[in-house]
Each structure stands twice: as C-alpha cells, then as structure tokens.
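Step one of this worksheet: look at the structure below.
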Amino acid sequence: MNTPNDSGPRAEMLARLRAARVVPVVRTASAAHAATVVQWLRDAGLTIFEITMTIPDAPALIRELAADPALLVGAGTVPDAAAAEACLAAGARFLVAPWVDPALAAPCRAAGALLMLGALTPTEVRAALAGGADVVKVFPASSAGGPGHVKALASVFPGVAFCPTGGVSPGNVAAYLEAGAAFVGMGGALVDEARVAAGDRAAILAAAAAIRQG
C-alpha cells in the first residue's frame, strides 16, 4: 500500500480530503458551465474541486482556480502521462483516473501530488496500489453495489483510502462513509449541468448545503 508520508504534502492533502468528506466532480460539456458551477460552489463554501479532462480546455480552468491558495484543485479522468504533466503544470494538486494507469505515478511523485486510481475488484485494488495510488477510486460505485461493495473492499484492505464515485448523492454520503470510505466524489447530484444551464443557482447552493450539513 502507498501511504503518503505522515508529514508530507500528500498526507496533508489526504487529511484535507477526509475532512471535506465530499469532493465535487465537475464534468460539464462546456468550460463556461464548469466555471459557473465552480463559482456557485465556492459561494457555498466548498474549496476542493476535481476538474475533469472531458471539459474543453480543462487545464486553463485548473490554472485559474489553482491561483487561489485557498482552493485544492485536482484533475479528473486524466488519460495519460502527457495530460498529467499538463494538469500538474497548471497547478493540479491531485490527479484522478477511473482506471489503473501506473504511468501517472511518476509525474505525481515528482510534483508532490496525490494520485487516485480506479478499481472495482480486489484484484484491481491491488493493481491500483501497486501502480502508485494513494487513494483508490471505487467507480462506478452505485452500480457495483453501493456502500455494501465499499464495505466488502474495506474489510479486505484495512487502511486503504477509498473514494467511491458514481451515483453518490447527499442522501447516501453517510452510508458510504460508515461503510469505510475515506471520502466520496459527487458529480451529477451536485454539479447538475441542466440546472447550471438554466441558471438555477439556488438548486446548486441547496445541494451544497445538504452535503455540508450532512
């Protein structure tokens, strides 16, 4: 298992992620919608964001957000080492891939960044840890069995930091944490692009308030 040094920046980031409990996963079809929803969530008091590489020109948004030292910004759905380098150069402090790609480990280590790799089965969890993961992203969590699946994995891998993502909502965050998740990633239930497109700031703020009070 790859346990970040207790006093290093990766350990500090992991502690901050655990304390936050929920990491907003920003995945929108347009960069403008992504920037809008991030601003709304910042207004709600959230300070950690995963900006997925499926957003057009995602590194530019990462660079803009990372300029604020109060924010912890990461890159999601990172496809390869070249993209990893671009995101880290833009200021990403953690990288996420929903699969196992050991090629992402070296650039993360060089930058002092945290690495989350995806897995669903015990074999894949072992591969993610061997590939350099500091955190194992359980994706897609809901269709794989939800909190029950996370609990089963955590029983086999005590001490591993799991981050279930996919189908996580304000109503089931507590169940995932009780099952053994270190924290969760929340996409559509929090970053609802239809609501962003409709200008429904109140709905986004309400969802953010629900996870902060949960």
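The values are calculated or read from the model by the stated rules, or taken from the named source; none is laboratory data. This structure is a prediction, so every number in the text was calculated from the model and none was measured. As a convention, Cβ positions derive from the backbone with ideal geometry for all residues, glycine included, and neighbour counts pool all protein chains shown.
With 174, 182, 207 as the choices, which residue is surrounded by fewer than 18 Cβ atoms within 10 Å (Cβ to Cβ), at pLDDT 95 or above and either within 15 Å of residue 98 (Cα to Cα) or not charged (D, E, K, R) (or both)? Can you show your working first?
Numbers: 182 fails: surrounded by fewer than 18 Cβ atoms within 10 Å (Cβ to Cβ); 207 fails: surrounded by fewer than 18 Cβ atoms within 10 Å (Cβ to Cβ).
Just a single option satisfies the conditions, and that option is 174.
Mind listing just one residue for me: the one in region 35-83 that is touching a residue at least 40 places away in the same chain (Cβ under 8 Å) and small (Gly, Ala, Ser) and, of those, nearest to residue 206 (Cα to Cα)? It comes out as 44. Taking region 79-93, which residues are under 14 Å from residue 106 (Cβ atoms) and either charged (D, E, K, R) or surrounded by fewer than 13 Cβ atoms within 10 Å (Cβ to Cβ) (or both)? Within region 79-93, 80, 82, 85 meet the criteria. Taking residues in region 187-214 that are more than 16 Å from residue 167 (Cβ to Cβ) and without any contact (Cβ under 8 Å) to a residue 40 or more places away in the chain, and partners anywhere that are among the hydrophobic types (A, V, I, L, M, F, W, C) and surrounded by fewer than 16 Cβ atoms within 10 Å (Cβ to Cβ), the pairs with Cβ atoms closer than 8 Å and at least 6 places apart or on different chains are 195/203.
Would region 183-201 turn up any residue that is part of a loop (DSSP other than H, G, I, E, B) and touching a Cys at 6+ places or on another chain (Cβ under 6 Å)? Yes. Residue check: residue 158 meets all listed conditions (1) assigned to a helix (DSSP H, G or I); (2) without any contact (Cβ under 8 Å) to a residue 12 or more places away in the chain but one, namely (1).
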